[in-house]
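Enquirer: Attaching a single structure in structure tokens format; questions to follow.
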Amino acid sequence: TQAFSDNEQEKIAGEDCVFDENSALMHVGGQRELLSIIISAFEQECSMRMKLIRSAIGQEDPVALHEAAHSLKGAAANVGAQALFDVARSLCELGRGGSTLGAKDKLQVLEQEVERFKPIIERFATN
């Protein structure tokens with residue numbers, strides 16, 4: 001069964017897609033149980049990567065920013081967290097370019113996207 005009704009999916013997949021369930025399912029060969037496990041693991045991974053991103057920005061370390069954002073970007077892609085992926089990609093590119101300029105603003109957006117993805121995590125945890 002689908003984790004979200006068509007109506008809920010339309011709300012979630014607005015212009016700035018918080019959760020792309022189809023993409024997430026593609027990453028796991030359509031196995032919903034496996035997706036639930038991966039989304040649960042993502043919560044811990046995300047928390048750890050967010051700490052590393054905050055630290056990299058605080059220390060103005062573009063290499064560490066690139067590494068942490070790159071890891072978060074990949075994890076977000078695996079769980080279909082499209083909007084989170086987009087912001088992580090932006091931070092990754094910034095760090096890869098050797099800069100942290102503007103990273104604090106992007107971090108605020110990233111934190112908002114993490115908050116917007118939490119109901120998805122909770123929903124999958126209860127299914």
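Enquirer: Using Cα pairs closer than 8 Å and at least 6 residues apart in sequence, work out the relative contact order for region 46-109, in percent. Don't jump to the answer; show the numbers that get you there.
Expert: Details: 79 pairs, mean separation 22.8, N = 64.
So the answer I get is 36 percent.
Enquirer: Could you work out how much longer the chain between Lys118 and Glu60 gets when fully extended? Use 0.36 nm per residue separation minus the Cα distance between them, nm to one decimal.
Expert: Values: separation 58, 0.36 × 58 = 20.88 nm, distance 2.79 nm.
My answer for the length gained is 18.1 nm.
Enquirer: Give me the accessible area per residue for the chain, probe 1.4 Å, as a whole number in Å². Intermediate results must be reported in sequence, preceding the final value.
Expert: Numbers: 7130 Å² over 127 residues.
Ligands and nucleic acids excluded, the figure is 56 Å² per residue.
Enquirer: Next up: Output the relative contact order of the chain, whole-number percent, from Cα pairs under 8 angstrom with separation of 6+ residues. Before the final figure, lay out the partial values.
Expert: Numbers: 152 pairs, mean separation 37.6, N = 127.
Rounded, it is 30 percent for the chain.
Enquirer: While we're on this one: Arranged from highest to lowest average of other beta-carbon atoms within 10 Å per residue, in what order do the peptides 72-80, 23-31 appear?
Expert: Going by the mean number of other Cβ atoms within 10 Å, highest first, we get 72-80, 23-31.
Enquirer: Hey, another quick one. Modelled label-to-label distance, Arg96 and Ser47, 7 Å Cα→beta-carbon offset: nm?
Expert: 2.9
Enquirer: Note the full-extension length gain between Asn22 and Thr126 as 0.36 nm times their separation in residues minus their Cα-Cα distance, in nm to one decimal.
Expert: Working: separation 104, 0.36 × 104 = 37.44 nm, distance 1.92 nm.
Difference between extended and current length: 35.5 nm.
Enquirer: Here's another thing I want to ask about it. How large are Rg and Dmax for the chain when only the alpha carbon atoms are used, in Å?
Expert: Here Rg and the maximum Cα pair distance are 14.7, 46 Å.
Enquirer: Against the longest principal axis of the chain, how steep is helix 82-96, in degrees 0 to 90 to the nearest 10, with axes from Cα atoms?
Expert: 20
The values are calculated or read from the model by the stated rules, or taken from the named source; none is laboratory data. Note that this is a predicted model, so its numbers are computed, not measured. With ideal geometry, Cβ positions are generated from the backbone for all residues, glycine too; neighbour counts draw on all protein chains shown. All accessible areas refer to the heavy atoms of the entire protein, side chains included, with ligands and DNA or RNA removed. Shrake-Rupley method; radii C 1.70, N 1.55, O 1.52, S 1.80 Å.
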